[in-house]
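**Student:** Handing you this structure, nothing more for now.
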Amino acid sequence: MHILVIGAGIGGLAAGAMLARKGAMVTVFEAQEYPGGCAATFSRSGYRFDAGATVGCGFHSGGPMDILGKELDIVWPAKPEPVAWQYRDGDICLDLSAGRDEILDRFPKSRLFWEEQSALAGLLWKLAKGGLAWPAKGPGDLLKLLRKGFIGLPASASLLKFASKTAYEWLVSHHMHHDPDFVRFIDAQLLVSVQTTSHHANAINAAIALDLPASGTFRIEGGMGAVASRLAGVIEHNDGIVLYRQQVIRIDSVRRQVVGVETSEGGAFAADYVIADLPPDSLARLEGADAASNPEKQPERLWSAFTLYLGMDPLLFRDLPSRHIQVVGSSGELGEGNSIFVSVSPSDESDRAPEGLCAVTVSTHADPARWFDAHKKGASVYRELKDAYTEKMLDVLCEQFPGARNAIRSVCAGTPVTWERYTGRVNGCVGGYPQTSLFGVRGPSTRFDNLFLAGDSVFPGQSLPGVVTGARRTVELLLQRNEKGQA
Ligand SMILES: Cc1cc2nc3c(=O)[nH]c(=O)nc-3n(C[C@H](O)[C@H](O)[C@H](O)COP(=O)(O)OP(=O)(O)OC[C@H]3O[C@@H](n4cnc5c(N)ncnc54)[C@H](O)[C@@H]3O)c2cc1C
């Protein structure tokens, strides 16, 4: 069975590695010269910056990354971090850790909310173990869910009452909506983990997203890109190939069958199956369709990111309990530079920055429309917007770290336009779909019998553990289809 994978993001690599391990011939095409996509680490002027993802999640015992590592004989270069990240909003400063002590000290009335969240998340991690047959593709999947959920874990019936609630309704049920600081805190957590805030986020998605600091976060030695490199290594070790600087420009098909792909280098490759580690609208472009004419219903708001890659004097961050700081600015809605996530390279990784300095990734959610509009209007309008965003983010950083501007040695920015060019995602929409409902979510199947999606547009969505759980479903459906074809 010959499988072509378009894109060496974590979803494509995880699916490719699982299949290569099962004996499939796997060829991965990656447009960039290194793997990882949103979870890559890239070199620039003596620094090694994490492009997007910086916090290692899902590596805890029994977590999706832990299970995948054991299955593929990968020893992840992952070390537990005692404090997942620090949250700062005005005079509120909370270290988010497994015990939630500081959250409970600052918001004592939230105790029952966290007890419920913790119980829900525990169930969800158990349900997700080994993959989730969701969205169900037929009675067989429903039976599997029934067996795993309601028979194997009887307490999971309690999930039903949350399935149609928003996170905000859940806060209301605990009377926590009266505390604006708590709601802003929860909103800031949800925006980075489920791409939307409490009024829109589904309560079940929120329960697992809010569990990340409690279940444990990990530092990936050498930068987040080491995860993708290990997965690519498994594919190569199992006689597969990962081809870099090979952009797939076209998918060739006959009726409901994909027959192969064509690359920018003029190559044409035949396939039994293709896995596209892409959102559906980027895939539509490869099928020759205009993304705008993609018949799939798009959610209302898809975020892109604006990122700063800063070379800095690490003294600014000395004595902090965590290398990650989430800063919420004193004004404005979350995102758009008003809230930022800052990650500093570890002081003991000398290859991450020139001597005496550190590599810092700062990100915020950004609406892509205004960026593409500015880009169309010309270089100076685009540059002005870039400068304005950069200053806005540095202002927010300076609210908590007044010396930040003086500590900066170099600045480089990634806009939604950069993210589109870099990841191949239409409008640079990184982060996956906002997790507003468990129903109507996207599975890996496409209109072609032998083409499947992987990555964070597939349920359960964004993050390393999210895309790895989704990739398991991709592999499961592909193997089912193959068995059916052979029967
Ligand atoms: C700013 C930011 C911060 C984040 N922080 C975290 C975090 O701290 N922790 C966490 O767990 N998650 C985080 N995430 C989310 C996580 O990074 C993503 O959900 C995940 O990495 C997405 O993986 P993917 O498989 O969907 O592929 P992508 O990362 O989108 O990769 C797709 C790959 O396909 C390649 N490609 C695209 N088109 C083609 C083509 N035509 N031919 C060949 N190659 C192609 C691209 O070059 C790219 O390498 C963050 C994301 C962002 C943007």
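Every read-out reported here was derived from the displayed coordinates using simple, explicitly stated rules and does not represent laboratory data. On a predicted model such as this, the values are computed, not experimentally measured, just so you know. Virtual Cβ from ideal backbone geometry, glycine too; neighbours counted across all protein chains shown.
**Student:** So which of LYS109/LYS165; LYS109/LYS144; LYS79/LYS165; LYS161/LYS484; LYS144/LYS484 end up more than 28 Å apart, counting from Cα to Cα?
**Tutor:** Checking Cα-Cα distances, LYS109/LYS144; LYS79/LYS165; LYS161/LYS484 exceed 28 Å.
**Student:** Using Cα positions and a limit of under 18 Å, work out the aspartates and glutamates in reach of LYS376, with same-chain residues fewer than 8 apart set aside.
**Tutor:** Straight-line reach from LYS376, under 18 Å: ASP367, GLU384, ASP387, GLU420.
**Student:** Take every DSSP beta bridge whose two residues both sit in the chain, then give the antiparallel share in percent to the nearest 5.
**Tutor:** 70
**Student:** Quick one: if you take sqrt(5λ) for each eigenvalue of the C-alpha gyration tensor of region 79-218, what semi-axes come out, biggest first, whole angstrom?
**Tutor:** Whole-Å semi-axes of the equivalent ellipsoid: 29, 17, 13.
**Student:** Under 16 Å Cα-Cα from LYS22, which lysines qualify once same-chain neighbours fewer than 8 residues away are excluded?
**Tutor:** LYS70
**Student:** To continue, here is another question. Give me the Debye-computed log₁₀ of I(q)/I(0) at q = 0.20 Å⁻¹ for region 350-487, equal point scatterers on Cα only, no solvent, two decimals.
**Tutor:** -1.19
**Student:** Using θ = phi - 60° and the Karplus curve 6.51 cos²θ - 1.76 cosθ + 1.60, what whole-Hz ³J(HN,Hα) does each residue of region 395-407 get, with Gly and Pro shown as x?
**Tutor:** In residue order, the calculated couplings are 4, 5, 4, 5, 4, 9, 10, x, x, 4, 4, 5, 8 Hz.
**Student:** Next question, about the same structure. Please tell me the relative contact order of region 79-218 in percent, rounded to the nearest whole number, where contacts are Cα pairs under 8 Å and at least six residues apart.
**Tutor:** It rounds to 33 percent for region 79-218.
**Student:** Hey, another quick one. For ALA487 paired with GLU169, estimate the spin-label separation in nm (one decimal), with each label point 7 Å from Cα along the Cα-to-Cβ line.
**Tutor:** Roughly 3.9 nm, to one decimal.
**Student:** Using a 7 Å offset from the Cα along the Cα-to-Cβ direction at both LEU315 and ARG405, what is the distance between the two label points in nm, to one decimal?
**Tutor:** About 1.9 nm, to one decimal.
**Student:** Can you give me the P(r) profile for the chain? Cα pairs, bins 10 angstrom wide beginning at 0, each as a whole percent.
**Tutor:** Spelled out per bin, shortest first, that is 4, 20, 31, 28, 14, 3, 0.
**Student:** What number do you get for region 303-427 when its Cα radius of gyration is normalised by 2.2 N^0.38 Å, N = residues?
**Tutor:** The reported ratio for this selection is 1.08.
**Student:** Sequence neighbours fewer than 8 away in the same chain don't count; with that in mind, list the lysines whose C-alpha is under 21 Å from LYS377.
**Tutor:** Cα-Cα hits under 21 Å: LYS386.
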